[in-house]
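Just below is one structure, and these are the notes that go with it.
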Amino acid sequence: ENSLRKTPAAFSIHSSDIFESPYALNLSSLTKLIKRLQARNPEASRDKIVEALQQVRANNKGMLCGLAISTIEERTSVLL
């Protein structure tokens with residue numbers, strides 16, 4: 001029963017929280033993008049990067065599909 005307890009939402013980040021469309025980015029692309037953003041913005045934590053990615057999505061009518069990975073990276077870095 002203890003193993004079925006949920007973890008706090010603040011500590012669980014799922015790719016589906018960021019990318020709702022199957023056409024936006026797959027998990028492999030998300031992982032690569034986060035690694036590139038961490039290299040480009042070493043002062044930013046993974047959580048801050050995810051928050052910035054969510055903001056980029058919100059600023060683009062709630063979607064990332066149609067944006068090049070480099071564009072997503074640039075817009076996210078500006079927010080970081």
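General observations
- Neighbour-limited loop hits for GluC sites (Glu not before Pro), the stretch 42-80 (at most 12 other Cβ within 10 Å; DSSP other than H, G, I, E, B): Glu43
- With R₀ fixed at 22 Å, the C-beta to C-beta distance from Gln55 to Ser29 puts the FRET efficiency at about 0.75.
- The stretch between Ala39 and Ile69, if pulled fully straight at 0.36 nm per residue, gains 9.3 nm over its current Cα-Cα span.
Any read-out appearing in this document is the output of simple, stated calculations on the displayed coordinates, not a laboratory observation. All of these numbers come straight from a predicted model, not from anything done at the bench. In this analysis, Cβ positions are derived from the backbone assuming ideal geometry, glycine residues included, and neighbour counts consider all displayed protein chains.
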